[in-house]
1. Over the stretch 2-81, what is the relative contact order in percent, taking alpha-carbon pairs closer than 8 angstrom and at least six residues apart?
2. Checking the cross-link filter: which lysines have an alpha carbon closer than 22 Å to that of Lys83, excluding same-chain neighbours under 8 positions apart?
3. Hey, rough spin-label estimate for Cys8 and Ser82, points 7 angstrom out along Cα→Cβ, what's it come to in nanometres?
Amino acid sequence: MLDMKKICSFADYFVICSGDTRRQIEAICDEIEGVLGKAGVALQHREGATGSGWILMDFGDIIIHVFAPEEREYYQLERLWSKATPLVRIQ
């Protein structure tokens, strides 16, 4: 999770994660949407599909990127947004 407040005007946080299979990616997205929905945080926009290897979920101040491993390595968002402050890193 990256704190984007000081370097980005459209989001406060980026969450970047990966799933190894299409089923895992879809399960991650479903769980995120369910948990945040129960907390009163509505999904504003979703782009991509499990087959594309990248799903973007826009919850307003929180943008969540769920990648397949190849796409995560290719796009390297952590490197692209390297000036952001890392808050949590789980491997």
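1. Numbers: 119 pairs, mean separation 26.3, N = 80.
The value is 33 percent.
2. List returned: Lys5, Lys6.
3. Here the answer is 1.7 nm between the modelled labels.
Values in this text are rule-based calculations from the coordinates and carry no lab data. In this text, all values refer to a predicted model and were calculated from it rather than measured experimentally. So basically every Cβ, Gly included, is an ideal-geometry build from the backbone, and we count neighbours across all protein chains shown.
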